Amino acid sequence: MTNQTPSRPPYQIPADLGTIAHAALNAAHAADEQLGRAMAVVTAAAVRDILTGHEPTAPFDASAVELVEGESGSLFPTGRYWTMAGDERTFTEAVGKAEAGNGVHGMSEWTVYLNDNTADVWRPLCSELPDGDGRPAFALDLIRAAALPLNEPAHASPAAPLGATVDVMVCANDRDRYPAKVDPADQRDGYVRPWFDLDTVRRIATDTQADAARYGHGSVDTVHVLESGDDSVKPDGPVDHTKYAVVLVICWMNLNGNKREQATEVLQPNKDGRYAIGGFEWCWYALSEDGLTPLIPFKTHEPKVETRVD
């Protein structure tokens, strides 16, 4: 008995797998950052509530609180805190044993989210303390924690100013290539933020909508260019025939989830009329002059290798 060659592969891999995987990782990282910010602010609010009896306008004097790492890697309050003058105190001393115990228990429901996943947010706000019963301990700066921004801008994205830009070809899915302007200083993890003219945005809109129809809307963000002319009569009489274009990006995966308010994004053009489609989240990378080699990170002057033949 001989092995027979299969008539077709048992399964196929989507062509845009790399793009989707990187986008998912970036989205997860962004979600962790937002969760970390929210939980750090909630921790500061919890300390205030414990010390004021849930009276937000009442005075209190706390500048840092002790958090100890549990076996799961999450942080938990011990009930110890420091005043603005640097004096060490406990919740029990401030409000009594029962109120302090209830406060620490309620606070733990929030600090449990201060863990390895959100460490990029809370760790810079902490100073290390001597281990508590063999567990790492930290003093969280409550003043800095309370000042953290809770949300990233959503819906409308204001256009960022461009620095010194260069013309390059960029790609995000190992297939489609587009001309763009890129600021070499504006990179994240080697990926660039390309700025496209409106004609290129129309091409991206056509390509993303075709991919969504082919692979499903659940795995592809789509771009839409809404254009119309405004023929309304001005107060002084003449008719205004100005054309308008609205560039809309839809992340279909977010429409039915907790991020539904961030599922649609209206992009604003910069002063040169260019749009930053996808930003870093789409993992755009610049290409070499021949359009074949990804340049990650992107450098404006790639060193040339000379071969000598003696």
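The values are calculated or read from the model by the stated rules, or taken from the named source; none is laboratory data. Remember, predicted model here, so these are calculated numbers, not experimental data. With ideal geometry, Cβ positions are generated from the backbone for all residues, glycine too; neighbour counts draw on all protein chains shown. SASA here: full protein model, heavy atoms, side chains in, ligands and nucleic acids out. Shrake-Rupley method; radii C 1.70, N 1.55, O 1.52, S 1.80 Å.
Hey, rough spin-label estimate for Arg177 and Arg144, points 7 angstrom out along Cα→Cβ, what's it come to in nanometres?
Placing both labels 7 Å along Cα→Cβ, they lie 4.6 nm apart.
7 Å from Cα along Cα→Cβ at both Ser72 and Ala28: what's the point-to-point distance in nm?
Placing both labels 7 Å along Cα→Cβ, they lie 1.9 nm apart.
Mind computing the radius of gyration and Dmax over the alpha-carbon atoms of the range 1-125? Å is fine for both.
Rg, Dmax (Cα atoms, Å): 23.6, 86.
Taking 0.36 nm per residue of separation and subtracting the Cα-Cα distance, what length does fully extending Ala119 through Asp290 add?
On the way: separation 171, 0.36 × 171 = 61.56 nm, distance 4.12 nm.
Computed gain between Ala119 and Asp290 is 57.4 nm.
Suppose accessible area is computed on protein heavy atoms with a 1.4 Å probe; arrange His29, His224, His105 from highest to lowest. Write out the running numbers ahead of the final one.
On the way: His29 85, His224 40, His105 125 Å².
Highest to lowest solvent-accessible surface, that is His105, His29, His224.
Give me the log10 of I(q) over I(0) for the range 1-74 at q = 0.13, 0.14, 0.24, 0.25 Å⁻¹, as the Debye formula computes it from C-alpha points; what are the numbers?
-0.68, -0.73, -1.12, -1.14
Between Ala58 and Asp197, 0.36 nm times their residue separation minus their Cα-Cα distance comes to what?
Details: separation 139, 0.36 × 139 = 50.04 nm, distance 5.41 nm.
Answer, rounded to one decimal: 44.6 nm.
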